[in-house]
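The values are calculated or read from the model by the stated rules, or taken from the named source; none is laboratory data. No experiment lies behind these values; they were computed from the predicted model shown. Note that we place each Cβ from the backbone using ideal geometry, even for glycine, and neighbour counts take in every protein chain shown.
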Amino acid sequence: MSKFVVVSLVLGSLIASCGESGEDSSAVSIEFAAVVGDEPFACGESYDGLGANSTSLTLSDLRFYVQDVAFITASGQEVPMENVDSIWQLPNVALLDFEDGCGELGDEATNRTISGTLPFGDYVGIKFQMGVPFEDNHQNQPTAPAPLNLSSMWWNWQGGYKFLRIDSGNFSPDAWRMHLGSTGCDGDPQSGGTTQCGTPNRVEVELDDFNPATDVIVFDVAALVDGAALDENQDGTPVGCMAGPMDSDCAPMFDNLGLPFGGAEPAGPQMVFSAVERAAAPH
């Protein structure tokens, strides 16, 4: 005997799922999109009017990890989604990849979804972090399972992975880029020591009124760099932002991500991710 189960989200909008008797969860697919303001992100394209000084950038890479996806009930309970294993995701972390090999360190394969299972219930939103779980962040990258086996998304044993990678132009010291990960880490995991990081830099994202049947989660590069002087650079630091706690070029972007920087708390929650109806998202 089959049953008809309705998972209610977003002020009466509905997702209907059918399952065999005894099943208590349903498959869920979460779609992500990347934009630069009102334009869809396209690898190798140039975008004008970015940051504090209306800078132009030709973007050649955009990838980020998402961990610990959970849906939120009307009572505020967080119900974890269990990822389905694939080359793009492990049970608690997934890689979203919007570059298609136009740069020097990527390839043609892309990924814009996280798939998993979720217990039947009434949900009103979604919550996740942009990052890699601490227990997975300081491991041996060459022997790690996909998608944690990419050298281009890894710094070192102590620092761990790049949670976010955005590059412009060719891979050169003079090209602007934004790489986010944990900093201020000590200990040596290679020799069995425990690593602790003074600034974990995992971005907390909570989106109300999200329905995976009708909505897409949008990452906006223009919102990330809003207020940042992309054509200027602090002396003695890499071009752009490598998440260094003393690199003032990072401060506006950290604030837009809802992250503390240099001892100052952010002005508010992150402003880079949003939930948009799929039909209204830039294509």
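Inside the range 208-233, can you point out the residues that are of a type outside the set (Phe, Trp, Tyr), at pLDDT 90 or above and assigned to a loop (DSSP other than H, G, I, E, B)?
Residues satisfying the conditions are Asn211, Pro212, Ala213, Thr214, Asp226, Gly227, Ala228, Ala229, Leu230, Asp231, Glu232, Asn233.
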If you go through the range 248-269 one residue at a time, do you hit one that is touching a Ser or Thr at 6+ places or on another chain (Cβ under 7 Å), of a type in the set (Gly, Ala, Ser) and either surrounded by 15 or more Cβ atoms within 10 Å (Cβ to Cβ) or within 20 Å of Ile126 (Cβ to Cβ) (or both)? no
For the subset of the range 249-283 comprising residues that are assigned to a helix (DSSP H, G or I) and at pLDDT 95 or above, which member is farthest from the chain's Cα centre (by Cα)? Asp249
Restrict the check to the range 231-244 and report whether at least one residue is more than 24 Å from Asp38 (Cα to Cα) and surrounded by 22 or more Cβ atoms within 10 Å (Cβ to Cβ). yes
Regarding Ala275, is this residue surrounded by 16 or more Cβ atoms within 10 Å (Cβ to Cβ) and over 19 Å from Phe71 (Cα atoms)? no
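Criterion first (surrounded by fewer than 16 Cβ atoms within 10 Å (Cβ to Cβ) and out of contact with any helix residue (DSSP H, G or I) (no Cβ under 6 Å at 6 or more places or on another chain)) does Asp188 satisfy it?
Criteria met by Asp188.
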Out of Asn83, Asn111, report the one residue that is under 16 Å from Ala27 (Cα atoms) and without any contact (Cβ under 8 Å) to a residue 40 or more places away in the chain. Asn83
Every residue in the range 190-207 that is within 25 Å of the chain's Cα centre (by Cα) and either among the aliphatic types (A, V, I, L, M) or at pLDDT below 75 (or both), please. Thr195, Val203, Val205, Leu207
Selection from the range 126-147 of residues that are under 18 Å from Arg63 (Cβ atoms), surrounded by fewer than 23 Cβ atoms within 10 Å (Cβ to Cβ) and among the polar types (S, T, N, Q): Gln129, Gln141
Odd one out for Gly244, checked against (1) in a helix (DSSP H, G or I); (2) closer than 18 Å to Asp167 by Cβ; (3) modelled with pLDDT under 95: (1)
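Take Ser54 and decide whether it is without any contact (Cβ under 8 Å) to a residue 12 or more places away in the chain, of a type outside the set (D, E, K, R) and farther than 26 Å from Leu90 by Cα.
Numbers: without any contact (Cβ under 8 Å) to a residue 12 or more places away in the chain: yes; of a type outside the set (D, E, K, R): yes; farther than 26 Å from Leu90 by Cα: yes.
Considered against the rule, which asks whether it is without any contact (Cβ under 8 Å) to a residue 12 or more places away in the chain, of a type outside the set (D, E, K, R) and farther than 26 Å from Leu90 by Cα, Ser54 comes out as yes.
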Selection within the range 150-177 - hydrophobic (A, V, I, L, M, F, W, C) and touching a residue at least 24 places away in the same chain (Cβ under 8 Å): Leu150, Met153, Trp155, Trp157, Phe163, Leu164, Ile166, Phe171, Ala175, Trp176
Look through the range 87-114, keep the residues that are closer than 15 Å to Ala146 by Cβ, of a type in the set (Gly, Ala, Ser) and surrounded by 15 or more Cβ atoms within 10 Å (Cβ to Cβ), and return whichever of them is modelled with the highest pLDDT. Ala94
